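Here is the structure we will look at, set down as structure tokens.
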Amino acid sequence: MQTFEKVVDTRGYSCPIPITMVSKKMNKLSEGETVEVLFDDPGFSKELETWCAETGNSFIEHNTRNGSYSAVIGKGDGFKGKGIKATVAFIWLGVRLHVIKIILGIVPVKRIRFLITFVSIPEGLRADRWLQEAGQKNHVALPVPADITAHCGVVLGLKTREEAEKAYKLLIDNRFAAEDVYAIEKGAGIRKLDI
């Protein structure tokens, strides 16, 4: 039986906490490194496999032993899109998010000072749509800054800490896989907040 130095033990937690725990661990790894994920729910394997596909990581194997579940996943080089349709949609999303970022830099209608990160691009886009439909329109979807991760991603940008904390808690309470809240500090870069 193989043992792993890097393990994420999600046993005892319910959705969306396990996928958030995995995402945070994977963000700290280098490309090619692997991690073993331990979990209670046999259905989490499929969720983990989907998350790997959405984020450009690799789902290596799934194991079941004595009513216990585990999977081995590897750090990939980020989502690229499979097939022409997915690739075009991915590129268009990146262009759209970067154009919004450029416009906000030129015409500072909204001074973005806080960012909410997500476990995957689809989860960030789903959260953006849900907040819009719930009447929460004080945020903007942007590309994840390189200071947070070198891979592509989506963040929600907000003006104040209060807005960011409220949106983050609302998303968590409604089972969205939001990861963290970051503050953009003038001249000091980006800092993760304890929320």
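The values are calculated or read from the model by the stated rules, or taken from the named source; none is laboratory data. Everything quoted here is computed from the prediction, not taken from an experiment. Don't worry about glycine lacking a Cβ; one is built from the backbone with ideal geometry, like all the others, and counts go over all protein chains shown.
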TODO: Return yes when LEU156 is assigned to a helix (DSSP H, G or I) and either surrounded by 15 or more Cβ atoms within 10 Å (Cβ to Cβ) or at pLDDT 85 or above (or both) and no when it is not.
DONE: no
Open item on the list: If I filter the range 132-146 for residues that are under 24 Å from GLU31 (Cα atoms), over 13 Å from the mean Cα position of the chain (by Cα), modelled with pLDDT under 85 and of a type outside the set (S, T, N, Q), do I get at least one hit?
Closed with: yes
